[in-house]
Structure formats: C-alpha cells, structure tokens
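Undergrad: Please find one structure pasted underneath; my questions will follow.
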Amino acid sequence: MAQKITWQEMKESFPDQWLLIVDYDLDESGHLISGVVERHSKSKSQIYAAPQIDKPAAFRFTGESSFAGLRSHAGH
C-alpha cells in the first residue's frame, strides 16, 4: 500500500505532473493537505483515461497553472 504524503512532498516527487490522489485530507478552505498518490503522469488524458477507481479521488496538477481566468478578464 502506498504511503500518505503531504501536498508539498507530492509537488517535489512528481514535478509538473497530473496526480490522482485517494485517501486525501483537505483543510477548512478545501485545499489539499495530504493523500495517497494512486496514479501520476505528465499527460492529463492518461490520468483521466485509466480505469476508474471505486473510492473518492482528487485530481491535481503539481506545476504552475497557465489558466488566466478572471485575472485576464478583469484586466480588459
């Protein structure tokens, strides 16, 4: 069985990768604190296309987001 690690450890162990995380803990704001990395890949589609698991899971990217979101819209 895989070991539960912190979000910081996940970012250091799997830089710029997509993660499927189970047995996870969130803080009061809904931010990931720790969990068990079930799968990881540089390709988001590999994580989503793999066989489904039958327990709650979180998907996270350990790199920097390229999503400009509302910040981009607010600047115009």
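The values are calculated or read from the model by the stated rules, or taken from the named source; none is laboratory data. From a predicted model like this one, the values you see are computed outputs, not experimental measurements. Cβ: placed from backbone, ideal geometry, glycine included. Neighbour counts: every protein chain shown.
Undergrad: I need every pair where a residue in region 16-28 that is within 17 Å of GLN3 (Cβ to Cβ) and at pLDDT 95 or above has its Cβ under 9 Å from the Cβ of a residue that is buried (at least 20 other Cβ atoms within 10 Å of the Cβ) and among the polar types (S, T, N, Q), sequence separation at least 6 or different chains.
TA: none
Undergrad: Okay, next question. Restricting the first residue to region 46-65 and requiring it to be among the aromatic types (Phe, Trp, Tyr), which pairs with a second residue that is surrounded by 12 or more Cβ atoms within 10 Å (Cβ to Cβ) and not in a helix (DSSP H, G or I) meet a Cβ separation below 8 Å and a spacing of at least six or different chains?
TA: Correct list of pairs: TYR48/PHE59; PHE59/TRP18; PHE59/LEU19; PHE59/LEU20; PHE59/ILE21; PHE61/GLN17; PHE61/TRP18; PHE61/LEU19.
Undergrad: For region 40-67, enumerate the residues that are assigned to a strand (DSSP E or B) and of a type in the set (Lys, Arg).
TA: Initially, region 40-67 is screened for residues assigned to a strand (DSSP E or B), giving 40-41, 57-61.
The answer is ARG60, and nothing else.
Undergrad: While we're looking at this one, here's another question. Could you grab me the full set of residues in region 10-36 that are among the hydroxyl-bearing types (Ser, Thr, Tyr) and either in a loop (DSSP other than H, G, I, E, B) or surrounded by fewer than 16 Cβ atoms within 10 Å (Cβ to Cβ) (or both)?
TA: Of everything in region 10-36, those that are among the hydroxyl-bearing types (Ser, Thr, Tyr) and either in a loop (DSSP other than H, G, I, E, B) or surrounded by fewer than 16 Cβ atoms within 10 Å (Cβ to Cβ) (or both) turn out to be SER13, SER29.
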